[in-house]
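Just below is one structure, and these are the notes that go with it.
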Amino acid sequence: MAYNLLKGKRGIISGALDANSIAWKVAEKAHEEGASFVLTNAPIAMRMGAINNLAEATGSKIIPADATNVEELEKLFSESQEVLGGKIDFVLHSIGMSVNIRKKIPYTELNYDYFMKGIDVSAMSLHKMLAVAKKLDAINEWGSVVALTYMAAQRTYPFYTDMADIKAMLESIARSFGYHYGVEKKVRINTVSQSPTKTTAGTGIKGFGDFFDYAEAIAPLGNASAEDCANYCITLFSDLTRMVTMQNLFHDGGYSSTGVSNEIMQKMGVEE
Ligand SMILES: NC(=O)c1ccc[n+]([C@@H]2O[C@H](COP(=O)([O-])OP(=O)(O)OC[C@H]3O[C@@H](n4cnc5c(N)ncnc54)[C@H](O)[C@@H]3O)[C@@H](O)[C@H]2O)c1
C-alpha cells in the first residue's frame with residue numbers, strides 16, 4: 001500500500017546491482033511513493049545490465065558514477081538536477097565492498113592496499129558525495145541522506161574483518177557531516193543499521209548463511225528483509241522524520257537489544 005510519502009520529491013539512489021540489492025527495493029518503494037529519481041552505480045556494475053530493468057520499471061534515468069571519483073560525483077549531482085528539474089530531496093548511499101573479505105583474508109593479516117580501497121569505496125565515498133552535494137548546493141533544505149551500515153561497527157563480528165572498521169567510519173562521517181550540513185542547510189544525515197540480508201555483498205561474507213540463521217533466532221521479530229529496510233528508508237526520506245539527523249538507527253527486528261533468546265538456548269540443549 002502506498003501513502004504518497006515522497007510525492008514531488010527528487011532523489012538519487014546508488015547501489016542497485018540486482019533485484020536482491022537493498023537499493024533496488026528502495027527504488028521500487030520510492031517509485032510507489034511518488035518520487036522521481038536517478039539511479040547510479042559504478043560503471044563496472046552496469047555491465048550486468050540488470051539496472052536497466054529497474055530504470056524502465058521506475059521511469060528513471062541511470063547516471064553511472066564511481067563513488068570514489070569526485071569528478072564523476074560532480075557530474076552525477078549536476079546532471080541529476082537537470083534530469084529531475086530541480087534540487088535533490090533525498091540520497092541513498094548503498095555502497096559496500098571489501099577486497100579483504102572477497103579474498104577471505106583474516107582480520108589480523110589484512111592487506112592494507114585492499115583496506116584503503118575498502119575505506120574509499122564504502123566510507124569515504126559518503127563524505128565525497130556529501131561534499132560534492134554541499135559545494136554544488138544540490139540538496140534542498142530538509143533534504144535527507146541515508147547510508148546503510150552494519151552493527152559490526154559497535155560489536156565485534158570476526159568474519160566482518162575490515163568492514164567493521166569501515167562501517168564505524170561511515171557512521172562517524174554521517175554524524176560529523178550531519179552537524180555541518182544541518183547547521184548550514186538543514187540537510188539531515190542518518191545511517192540505517194540493517195539485519196543480515198541475502199544480497200551479493202551480504203552473501204560474499206564467510207559463513208553468512210549460518211550467521212543469517214543465528215541472527216534470525218536471536219531477533220524477537222526475526223531478521224528484517226531488504227523490503228522492510230526499504231520501507232524504513234522511505235520514512236527517513238519523508239517529511240514525517242524531519243527532526244531526525246546524525247543517528248545510527250538499528251533496523252534489525254530487535255537483534256541489537258537482545259542478549260540471548262530462548263530459541264538459541266534450546267538449540268544449545270539448555271532446558272527452559
Ligand atoms: N546485505 C547485508 O547483509 C547488509 C547488512 C547491513 C548493511 N548492508 C549494507 O547495505 C549496502 C548495500 O549492500 P547490499 O547488501 O544491497 O549489496 P549489493 O551488492 O547489492 O550492493 C552493493 C553495491 O555497491 C556498489 N558499489 C561497489 N563499489 C562501488 C563504487 N566504487 N561506486 C559506486 N558503487 C559501488 C555495487 O555495484 C553494488 O550495487 C552496503 O553498504 C552494505 O554494506 C548490507
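Listing for the model above:
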item: For the stretch 138-151, 3J(HN,Hα) per residue [Karplus equation, 6.51 cos²θ - 1.76 cosθ + 1.60, θ = phi - 60°, Hz, x = Gly/Pro]; result: 8, 10, 5, 4, 6, x, 9, 10, 10, 10, 9, 9, 9, 5
item: Residue order, fewest to most beta carbons within 10 Å, for 146, 83; result: 83, 146
item: Estimated 222 nm signal from helices in the chain, with DSSP H stretches of n ≥ 4 weighted -39500 (n - 2.57), rounded to 500; result: -13000 deg cm²/dmol
item: Cα→Cβ-extended label distance, 7 Å offset, between residue 44 and residue 136, nm; result: 2.3 nm
item: Pairwise FRET efficiency - residue 111 versus residue 270, Cβ, R0 = 35 Å, nearest 0.05; result: 0.30
item: Rough spin-label spacing in nm, given labels placed 7 Å along Cα→Cβ, for residue 221 and residue 240; result: 1.3 nm
item: With 10 Å bins from 0: P(r) over the chain, alpha-carbon pairs, percent; result: 7, 30, 37, 20, 5, 1, 0
item: Ranked list, fewest to most other Cβ atoms within 10 Å of each Cβ, for 142, 24; result: 142, 24
item: Where labels lie 7 Å past Cα in the beta-carbon direction, separation of residue 154 and residue 179 in nm; result: 2.1 nm
item: The stretch 1-72: trypsin sites (Lys or Arg not before Pro) falling in loop per DSSP and having at most 12 other Cβ within 10 Å; result: 7, 47
item: Interatomic Cα distance distribution for the stretch 1-133, bins of 10 angstrom, percent; result: 12, 41, 31, 12, 3
item: Dipole magnitude (debye, nearest 20) for the chain, charges at Cβ of Lys, Arg, Asp, Glu; result: 540 debye
item: Centre separation in Å (Cα based) which lies between the stretch 128-192 and the stretch 21-58; result: 21 Å
item: Value of relative contact order over the chain, rounded to a whole percent, pairs C-alpha under 8 Å and six or more apart; result: 19 percent
item: Ranked 180, 251, criterion: other C-beta atoms within 10 Å, fewest first; result: 180, 251
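Coordinate-derived values only; no laboratory data. What you see is a predicted model; the values in this text were computed from it and never measured. No Cβ is skipped: glycine too gets one built from the backbone with ideal geometry, and neighbour counts run over all protein chains shown.
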